[in-house]
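Below is one structure; the comments refer to it alone.
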Amino acid sequence: MKPDRGWAATLAIIFAGVAWGIISIFIRKLSAGGLSLPEIVFTRMLFSALFLGGYLVVFDREKFKITWKDLWLFIGSGIVCLVGFNCCYFYTVIRGYAAVGGVLLYTSPAFIMLFSALLFREKITKLKLAALLLTVSGGVLVSGIYNQQLSVPWGIVVSGVASGLLYGLYSIFGKIALRKYDTLTLVFYTFATGTAGCLLLGDLPHTLAVCCRQPDLLPYLIGCSVICTVLPYFMYTWGLNKTTAGRASILVAVEPLICAVMGIAVYGEDHHWLRICGVAAILSAIVLLNLPSATADNEG
């Protein structure tokens, strides 16, 4: 049966991008409360795994069943993709190259389009290439990197590109796993293996001590885990199962658009006209991918 390329999948993937895009609200509060970025990543994974695991225990225990020979898929999506991506991306940001990191992160659609063509025989059409160009250009403009005189070390370039590659690989591991497993199964084991992979990054005693001293952080931990992790990963994975990986990777690029809007509207960041052009470019890419001709191309 051919996957549904309708608006349901499109809206689910865009919702995921929006939810990921507002994570700064929670991250800034948790960081200001005394949690380090590795601790935030660890608790984000842990709370997400516990929340989704609890849901499955109560409502659908059958979703826990996997074939152990397929464990590599969940190690790939959880440890390689989620943990690896977070380590590379946060390294880039912590070193003071947030704009560069944001741009290089959105090299992921190019990687996904290439891997999807090789592994899944997805077409690389002129329309997709145009959408990809608009997405990458929009990411550059939205990041604001054009206003900075930067001499970027090679280590930062490598970590930034690696973050885009690992971010994109989730779609590849996910596409393969979804041939056999339900969306909830994939998302749960991604968080579970990701939590295991984060054990060396997180300091659970310190995290607990901070939360005990500041109980007002708990809603932000829950929000970061549920609103910005469980729900968007579920929606993205569900949408990925109903469209092509290349198309999904471009649709989810609404995330930097939301980050830019958040920065301008909430944090009073620069709203240069080029940044507005970047927002328009990303929106144009989303519209292009939902034209009837794009749907027809995807049917092949």
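Quick notes
- In a residue-by-residue description of segment 159-166, the property of being over 24 Å from Ser284 (Cα atoms), open to solvent by less than 20 Å² (accessible area, probe 1.4 Å), modelled with pLDDT under 85 and over 17 Å from the mean Cα position of the chain (by Cα) applies to no position.
- Leu208 fulfils the conditions (1) at pLDDT 85 or above; (2) of a type in the set (A, V, I, L, M); (3) open to solvent by 20 Å² or more (accessible area, probe 1.4 Å) except for a single criterion, (1).
- Contact annotation: residue pairs with Cβ atoms under 7 Å, 6 or more positions apart or on different chains, pairing a residue in segment 211-240 that is open to solvent by less than 60 Å² (accessible area, probe 1.4 Å) with a partner that is modelled with pLDDT under 90 and not in a helix (DSSP H, G or I), are Gln214/Gly33; Leu217/Gly33; Cys228/Ile22; Tyr236/Val252.
- Cβ-Cβ distances below 6 Å connect the following pairs, each with a first residue in segment 109-136 that is over 15 Å from Lys175 (Cα atoms), a second residue that is loosely packed, with under 14 Cβ neighbours inside 10 Å and not basic (Lys, Arg), and a separation of six or more residues or different chains: Lys123/Gly300.
- In segment 84-145, counting only helices (runs of 4 or more DSSP H) that sit wholly within it, the ones holding 1 or more residues that are modelled with pLDDT under 70 span 84-94, 98-105, 126-143.
- Residue check for Ala32: open to solvent by less than 20 Å² (accessible area, probe 1.4 Å) and either basic (Lys, Arg) or within 30 Å of Cys212 (Cα to Cα) (or both): no
- Remark: pairs (first residue in segment 15-41, within 22 Å of Ile250 (Cβ to Cβ); second residue modelled with pLDDT of 85 or more and among the β-branched types (Val, Ile, Thr); Cβ separation under 9 Å; 6+ apart in sequence or on different chains) = Ala16/Thr237; Ala19/Ile227; Ala19/Thr229; Trp20/Thr229; Ile22/Ile227; Ile23/Ile227; Ile23/Thr229.
- Selection count, segment 228-277, where residues are within 22 Å of Ile40 (Cβ to Cβ), in a helix (DSSP H, G or I), modelled with pLDDT of 75 or more and of a type in the set (A, V, I, L, M): 4
- The condition (being of a type in the set (A, V, I, L, M, F, W, C) and within 18 Å of Phe26 (Cα to Cα)) is satisfied by just one residue among Leu200, Leu221: Leu221.
- Which numbered condition Ile286 fails, given (1) closer than 25 Å to Leu50 by Cβ; (2) at pLDDT below 70; (3) not basic (Lys, Arg): (1)
The values are calculated or read from the model by the stated rules, or taken from the named source; none is laboratory data. Source: prediction; values computed, not measured. Quick reminder, even Gly has a Cβ in these numbers, built from the backbone with ideal geometry, and neighbours come from all protein chains shown. Remember, those area values only see protein heavy atoms, side chains included, never the ligands or the DNA or RNA. Shrake-Rupley method; radii C 1.70, N 1.55, O 1.52, S 1.80 Å.
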